[in-house]
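The values are calculated or read from the model by the stated rules, or taken from the named source; none is laboratory data. All values derive from a computational prediction rather than experimental measurement. Counting neighbours? That spans all protein chains shown, and the Cβs are built from the backbone with ideal geometry, glycine included.
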Amino acid sequence: MVEKFVLATHNPGKLAEMREILSALGVQVVSLEEAGVSVEVEETGTTFSENAMLKAKAVCTAAGLPAIADDSGLCVDALNGGPGVYSARYGGDELDDRGRCMLLLEGLRGQTTRAAHFSCAVACVFPNGDTLTAEGRCDGAIAFAPIGTEGFGYDPIFLVHGMGKTFGQLSGEEKSAISHRGKALAAFAEKLGTYLRE
Ligand code: IMP
């Protein structure tokens, strides 16, 4: 029997990515809409893992099905790891992706280190209370100005370590092969495969 999982996101890109990765395990991934659930979860955790777990638990309870959630963000050394779990809200609701990038560049003016990394945590909660978690990280540095038009969020200002290119200069496929989310999903798929076999 094909196991059905709900993905706790409204982002169609994440759903497609998750479907592709987990289809190899014979797992079906459905959206919140397809599962007929509507839950708003406040991301009150102080870590990516806590927030991913909060979302997965809430959706599992609401749907009565295993639920998968992720949480991610950009951590900048000179900002003590910020914006971190506040990446989506950095600078307030009135800013768009471009505005948040410009605010971050401004905040780093005069700093001696521009080291940064993206982090992603994936959590899965089963109706019997079992949980699985996985994490991924991608190291790099903040560029001096936006470069590239691909991707979203902070992609144009994140220079990938050892590549000399920003995420904004990579195709979706190139980015997934090295990104925090790609790594977290690959690690999660492996753990889920083991869990389902046992
Ligand atoms: P969430 O995990 O969808 O809640 O994303 C949190 C926020 O982190 C996003 O709104 C982006 O601002 C930022 N972020 C997370 N992953 C990426 C990425 O791969 N590229 C650029 N920005 C990202």
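One table, with the values for the structure above:
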| quantity | calculated |
| --- | --- |
| Output for the stretch 68-82, where each listed residue is near the ligand (Cβ under 8 Å from one of its atoms) and within 18 Å of GLN111 (Cα to Cα) | LEU74 |
| Qualifying positions in the stretch 154-174 - in a helix (DSSP H, G or I), surrounded by fewer than 21 Cβ atoms within 10 Å (Cβ to Cβ) and under 17 Å from the mean Cα position of the chain (by Cα) | GLY172, GLU173, GLU174 |
| Residue among GLY92, GLY129, GLY110 that is away from the ligand (no atom under 14 Å from the Cβ), under 30 Å from LYS57 (Cβ atoms), loosely packed, with under 15 Cβ neighbours inside 10 Å and not charged (D, E, K, R) | GLY129 |
| Unmet requirement for SER31, which otherwise passes all of (1) out of contact with any helix residue (DSSP H, G or I) (no Cβ under 7 Å at 6 or more places or on another chain); (2) within 15 Å of the ligand (Cβ to nearest atom); (3) in contact (Cβ under 8 Å) with a residue 24 or more places away in the chain | (1) |
| Options LEU54, LEU25: the member that is within 13 Å of the ligand (Cβ to nearest atom), in contact with a Gly (Cβ under 7 Å, 6 or more places away or on another chain) and more than 24 Å from PHE158 (Cβ to Cβ) | LEU54 |
| 2 or more residues modelled with pLDDT under 95 and within 19 Å of the chain's Cα centre (by Cα): qualifying helices (runs of 4 or more DSSP H) within the stretch 7-89 | 12-23 |
